[in-house]
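Presented below is the structure to which this report refers.
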Amino acid sequence: MIHSRKLWLESMLRIADPVLEALSNRKLKELMPVDSPLVGRETYTHLEALGRLLAGIAPWLERKQDGEEEVLRNKYAAMARQAIDAGTDRNSPDFMNFTEGGQPLVDAAFLSHAIVRAPQELYGQLKPRVKQQLIECLKKTRRIKAVPSNWLLFSAMVEAALYMMGEEDFDVMRVDYALKQHEHWYLGDGTYGDGPHFHWDYYNSFVIQPMLIDIHLTFKGMYPDWDSAYEFVLSRAQRYGAVLERMISPEGTFPPVGRSLAYRFGAFQLLSQLALMETLPEKLGCASVRCALTAVLQRTIAGEGTFDENGWLQIGFYGNQPDIAEGYISTGSLYLCSTFFLPLGLSSDQPFWAMPDEPWTQKRAWSGQSFSLDHSVF
């Protein structure tokens, strides 16, 4: 039990170290390799690395820990704040692109998600100058038009962060439009379309359902129709989380289905978020989910070539597989895998970490043990 948390923490920090160490010294653009199928991704990759990494480690940064882990948390929280400063300061060599092209909206949203998940550590403790820099950079992404897909949630998430930061001019219509459209795009059995159509991929977990949940929670109590919709948003997320858990084989593998497979175990963000919120589906024990996710982590991170000689993530689903990258994938994109680590925001004595090991659904099924029936939802 303690060992699994230790493995998770060591893996998360191994992923985070190159990005945060470089950014805290304002050397990310100098040191981070930019590997991509397309030329020009260096315009976007640095904000990708910052926003996606922080979106995953934010809950751990936000919650005080015990002993040596608290020493580490303080260290990394300080580095994260230095990283935000480096990326939003016009005088920094690591100043990031928040305006050119469409991609900055995506990763400003992941950075916003990080702030929503860790409002004290990643915003409240920033110096006033850095707070203003951050707000100005996020507002600049408003000029970027979101395409009718999960991108609507990127616009809404930026507004959620601005609202959380006390900006009274947040755009309620960007939020309302994103929430209402996704209600229209709900297809049944816990799954939303990415736009009006169904896609076999992990975007319900990479983006859609985690952002829907946290946008609703950020604006809780503001509008009755938003509040009443949250019950359905959460129940759908629980259904999708149950499906994700059943995707995990007895060996810790999962199907390489759909696009953006280079995000690796980021495919399980939603299941991790439900664990963090202590709202896992009723038939899923938190210990069995921990064991299932730990198996995925052990299996995936062990792939030869997952990291280069300097510790940076390399493109791949398992190890180094550059041929699986879509044109929008670059080194910075890969750090979306950090969203797997959300349950580290729970203290070590909470049930997710403290309960004895239990087998997960496929491990039970393929060893001849009894396992729960599966049912669809509306």
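The values are calculated or read from the model by the stated rules, or taken from the named source; none is laboratory data. Source: prediction; values computed, not measured. With ideal geometry, Cβ positions are generated from the backbone for all residues, glycine too; neighbour counts draw on all protein chains shown. When the accessible area is computed, the model is the full protein with side chains, heavy atoms only, and any ligands, DNA or RNA have been set aside. Shrake-Rupley method; radii C 1.70, N 1.55, O 1.52, S 1.80 Å.
Data for the structure
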quantity	calculated
Per-residue ³J(HN,Hα) for segment 156-161, Karplus 6.51 cos²θ - 1.76 cosθ + 1.60, θ = phi - 60°, Hz, x for Gly and Pro	5, 5, 4, 5, 4, 5
Full-extension gain in nm, ASP225 to GLU326, via 0.36 nm per residue minus C-alpha separation	32.6 nm
Residues of segment 340-378 with amide N under 19 Å of the 7 Å Cα→Cβ point at LEU187	375-378
Label selected from (1) 19; (2) 41; (3) 22, the criterion being percent of Cα pairs over 35 Å apart as computed here	(1)
Cα Rg over Rh - segment 243-378, Kirkwood	0.99
Solvent-accessible area, 1.4 Å probe, carbon plus sulfur percent, for the chain	54 percent
Given charges at beta-carbon only (K, R positive; D, E negative), |dipole| of segment 1-90 in Debye	120 debye
Extension gain (nm, one decimal) between LEU217 and LYS145, 0.36 nm per residue minus Cα-Cα	23.5 nm
Rg to Rh quotient for segment 154-309, alpha carbon positions, Kirkwood Rh	1.00
Reciprocal mean inverse distance between Cα atoms of segment 9-142 - Kirkwood radius, Å	14.9 Å
Dipole in debye (nearest 20) - the chain, about Cα centre, beta carbon charges: Lys, Arg +1; Asp, Glu -1	220 debye
Amide H contacts of ASN97 (H built 1.01 Å from N, under 5 Å, at least 5 apart or other chain)	LEU47
Accessible surface, per residue, of the chain when the full set of protein chains is kept, probe 1.4 Å, Å²	41 Å²
Karplus-derived 3J(HN,Hα), 6.51/-1.76/1.60, for each residue of segment 321-332, Hz, glycine and proline x	9, x, 6, 8, 7, 6, x, 8, 8, 8, 3, x
Spacing of the two label points (7 Å from each Cα toward its C-beta) at LEU7 and GLU278, in nm	2.5 nm
Kirkwood Rh in Å, taken over segment 5-71 so that all alpha-carbon pairs contribute	13.5 Å
Whole-Hz couplings from phi, Karplus 6.51/-1.76/1.60, listed for segment 203-219; x for Gly and Pro	5, 4, 9, 4, 9, 4, 6, x, 6, 4, 4, 6, 5, 4, 5, 5, 9
DSSP-assigned coil residues among chymotrypsin sites (Phe, Trp or Tyr not before Pro) in segment 137-246, each with at most 12 further Cβ atoms within 10 Å	TRP200
Fully extended contour minus Cα-Cα distance, from LYS127 to LEU38, at 0.36 nm per residue	28.3 nm
Residues ASN74 and ASN310, FRET efficiency given R0 of 35 Å [Cβ-Cβ distance, rounded to 0.05]	0.90
Ratio Rg/Rh, restricted to segment 140-238 and using Cα atoms, in which Rh is the Kirkwood radius	0.95
